[in-house]
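A short write-up of the structure that comes next.
The values are calculated or read from the model by the stated rules, or taken from the named source; none is laboratory data. What you are looking at is a predicted structure, and each value in this text was computed from that prediction instead of being measured. Cβ atoms come from the backbone with ideal geometry, glycine included; neighbour counts cover every protein chain shown. With ligands, DNA and RNA removed, areas are computed over all heavy atoms of the protein, side chains included. Shrake-Rupley method; radii C 1.70, N 1.55, O 1.52, S 1.80 Å.
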Amino acid sequence: MRLLSQVNLNSLKIVESAARHRNFTRAGEEQFITASAVSQRVKSLEDQLRFKIFQRGGNAVSLTPEGETYVSRVREALERIVAASMEATGQSQAHVLKISVLPTFAARWLFPRLPLFQRQYPEIEMRVSTSYATNEFATSEFDLEIRYGDGNFPDLAANLLFKEDLTPVCSRRLFHEILGDRPLSKVTPDDLRYFTLLHSDTCTQNWQSWLGFAGASSVLGEAKSIYFDSCMMSYEAANAGMGFAVANRAYMASDIRAERLVAPFAVHHPNTAGWYFVSPVTAPYARKVELFKQWIMAEAALTQCQLDAEIASGPVLRHAMA
């Protein structure tokens, strides 16, 4: 048996690639060698280590318990080598924070607040990607993601920012055009049948959920509807006076406070799902990630406190449009 001090660095890279793809062929394509060569490198390393790294099964492979631990440590070591090389050549990424965010969350909640983080931590360079797709941290470049869900994200650390809380909103001008100066105490969810409902292909159940909770399910069959390909577009349409959108309160709070929109119904319909700060459990400590986490959790807590206070005080419509 060859000495372990003679382990080939390329063999470690090949094993890490095979573990990430769970496939020798794809690992070979990434490393520009054949699948057979990958298999030979893996077997040679297994002979040196005297334990199996992979369980073979057709085209797919899986890590053994010993292999899982070994590859995790190899991956951390390779990451440190790359980081050291980049730092030595002035290309360190320690100050670059790469995040993936849902588009509507980014536009309606994060972006208005992000300048606060930039002013507080000017040394951190932000790289923000917006997407509805989730990423595998092992194969992506992202440090963290903001995801929507119930908090069950296997093998990931998830911290709740705030839960979804739905309410219908429309422009003040449209509200008065349809209902005149009717007092809010006289406006009911059934009155939505006189408006156009703005739907989203990415939030298909929101109207059904809210109307069912409010006891006005029949409105869905009576009101006109317009469909958009995203929640964000339905919110913009509401601002433009096209109808009522059912929206997350946190997204629309600034428009409601500025009286661009009204949320006339006192029906409080919290959702079991929400938005989470998600990161790898096994990721090494990174100052940039921890600082962003502390900042965004504080901002989310402030948002929740403001929403709780506004919900407690009830809907307000200060004056009619001229």
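Seen from every direction in turn and averaged, the convex hull around the alpha carbons of the chain projects onto 21.3 nm². The aspartates and glutamates within cross-link reach of residue 13, meaning a Cα-to-Cα straight distance under 16 Å and a gap of 8 or more places when in the same chain, are 29, 30, 46, 68, 76, 79. DSSP finds beta bridges in the chain, and of those with both partners inside it, around 60 percent are antiparallel.
Ligands, DNA and RNA left out, the 1.4 Å accessible surface of region 171-322 is 54% carbon and sulfur atoms. Listed by chain and number, the aspartates and glutamates placed with their C-alpha closer than 19 angstrom to that of residue 186 are 177; residues fewer than eight positions away on the same chain are left out. Loop-located chymotrypsin sites (Phe, Trp or Tyr not before Pro) across region 103-149 with a Cβ neighbour count of 12 or fewer within 10 Å are 132, with loop assigned by DSSP.
Which of rounded, prolate or oblate describes region 190-322 when judged by the alpha-carbon gyration tensor and an a/c cut-off of 1.5?
On the way: a/c = 2.21, a/b = 1.69, b/c = 1.30.
Here region 190-322 falls in the prolate category.
For the chain, the Cβ-based charge dipole about the Cα centre amounts to some 440 debye (Lys, Arg positive; Asp, Glu negative; other atoms uncharged).
Would you work out the relative contact order for the chain, in percent, from Cα pairs under 8 angstrom that are 6 or more residues apart?
Values: 459 pairs, mean separation 62.6, N = 322.
Normalised by residue count, the contact order of the chain is 19 percent.
For region 190-253, the Cα gyration tensor yields ellipsoid semi-axes of 17, 13, 11 Å (square root of five times each eigenvalue, largest first, whole Å). Based on DSSP H segments of at least four residues, each scored -39500 (n - 2.57), the chain has a per-residue ellipticity at 222 nm of -13000 deg cm²/dmol. The distance linking region 13-85 with region 118-187 is 38 Å (Cα centroid to Cα centroid, whole angstrom).
Let me have the relative contact order for region 174-301, percent, based on Cα pairs under 8 Å that are six or more residues apart. Reported relative contact order: 25 percent.
Think of a 1.4 Å ball rolled over the protein heavy atoms: the chain then has 53 Å² of accessible area per residue. In summary, the aspartates and glutamates within cross-link reach of residue 288, defined as a Cα separation below 13 angstrom excluding same-chain residues under 8 places away, comprise 123, 125, 143.
When the alpha carbon gyration tensor of region 8-82 is reduced to an equivalent ellipsoid, the three semi-axes, largest first, read 16, 15, 12 Å. Taking 26 Å as the cut-off for C-alpha to C-alpha distance, list the pairs among 163/293; 163/224; 52/98 that go past it. Exceeds cut-off: 163/224; 52/98.
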